[in-house]
1. Mind checking the per residue accessible area of the chain for me, 1.4 Å probe, whole number of Å²?
2. Report the full-extension gain for the segment SER158 to ALA89: residue separation times 0.36 nm, less the Cα-Cα distance, to one decimal in nm.
3. For the chain, with only Lys/Arg (+1) and Asp/Glu (-1) charged at the beta-carbon, what is the dipole magnitude about the Cα centre, in debye rounded to 20?
4. When the Karplus curve 6.51 cos²θ - 1.76 cosθ + 1.60 is applied with θ = phi - 60°, which whole-Hz ³J(HN,Hα) does each residue of region 133-141 get, with x for Gly and Pro?
5. Gain in length, ALA123 to TRP43, computed as 0.36 nm per residue apart minus the alpha-carbon separation, to one decimal in nm?
6. Taking the Cα-to-Cβ direction at PHE165 and at CYS22 and moving 7 Å from each Cα, how far apart do the two end points lie in nm?
7. Putting +1 on Lys and Arg Cβ atoms and -1 on Asp and Glu Cβ atoms, find which of VAL115, TYR161, SER42 reaches farthest to the positive end of the dipole of the chain.
8. Apply the Karplus curve 6.51 cos²θ - 1.76 cosθ + 1.60, θ = phi - 60°, to the phi angles in region 35-43 and return the couplings in whole Hz, x for Gly and Pro.
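The values are calculated or read from the model by the stated rules, or taken from the named source; none is laboratory data. In this text the structure is predicted, and so the values were computed from the model without any measurement. Cβ placement follows ideal geometry from the backbone for every residue including glycine, while neighbour counts extend to all protein chains displayed. Only protein heavy atoms, including side chains, enter the accessible area calculation; ligands, DNA and RNA are left aside. Shrake-Rupley method; radii C 1.70, N 1.55, O 1.52, S 1.80 Å.
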Amino acid sequence: WTGSEVLFVGGDTFLCPPNASCAPPDDPPLADGAAFDPSTVSWREIAPSPVAFSWASTAVIGDDIYFLVAGSPDWRGAEAAFLRYSIGADAWEELPQPAGDLGWYQLVAADGVAVAFSSSDEAGGRPDLMFDPSGGGIWEELPPDLLAPVYDRTMVWSRPYLYLFDHEIVPN
C-alpha cells in the first residue's frame with residue numbers, strides 16, 4: 001500500500017496443494033507488476049522488476065518501496081535481491097543486498113530506514129540489519145536484542161521506538 005494504491009509485483013504460476021511435497025517449478029517467477037487505485041477502481045501497469053520473484057518482504061519509505069527478495073536456490077530464475085521501486089518515477093533500482101540467507105528476514109520501515117529483522121532464532125541467531133537510503137547503500141547491524149532465543153519475531157515501528165515481539169523457544 002503506497003497511501004493511494006496497492007501494488008502487485010511478481011508472483012508465479014506454480015500450483016502445489018498445501019502440505020504436498022512438490023518438485024520446484026520449471027517456470028521462473030514473474031517480474032511484471034500493476035497498481036490498483038481503490039478510489040477510481042482502476043488498474044495501471046508499472047515497470048517490470050529487474051529481478052523476477054515469487055514473494056518479497058516490503059517497506060515503504062517516502063516515495064519508494066523496498067523489496068527484500070529471498071530467492072530460492074532450487075527454483076530456476078528465483079534469485080535473491082534487494083530492490084527499490086520509485087513510485088513517482090515508475091522505476092526500479094537493484095541495491096546491495098545484505099549478506100547471508102535472506103529467507104529468514106522480513107522488512108519494516110522505521111523512521112526513514114529499512115530494517116531487516118530475522119524472523120526466528122530456530123536455525124541459529126542472525127543479526128538484525130538496518131539500511132539507510134541516504135547512507136550510501138550500506139547495511140549496518142543493529143545491536144543484538146537481550147532476549148532468549150525466540151521464533152515468530154516481528155518488529156513494528158511506532159514513533160519513537162521500534163518494538164520487537166516474539167515467542168520464546170521452549171522444549172517440545
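1. Details: 10000 Å² over 172 residues.
So the chain comes to 58 Å² accessible per residue, rounded to a whole number.
2. Values: separation 69, 0.36 × 69 = 24.84 nm, distance 2.84 nm.
Length difference between fully extended and current span is 22.0 nm.
3. Numbers: 6 positive and 26 negative charges, 31 e Å.
For this selection, approximately 160 debye.
4. Using θ = phi - 60°, the values come out as x, 8, x, x, x, 10, 8, 10, 6 Hz.
5. Numbers: separation 80, 0.36 × 80 = 28.80 nm, distance 4.11 nm.
That pair, ALA123 and TRP43, stretches by 24.7 nm at full extension.
6. For PHE165 paired with CYS22, the spin-label model returns 3.1 nm.
7. It is SER42.
8. 10, 10, 9, x, 6, 10, 6, 9, 10
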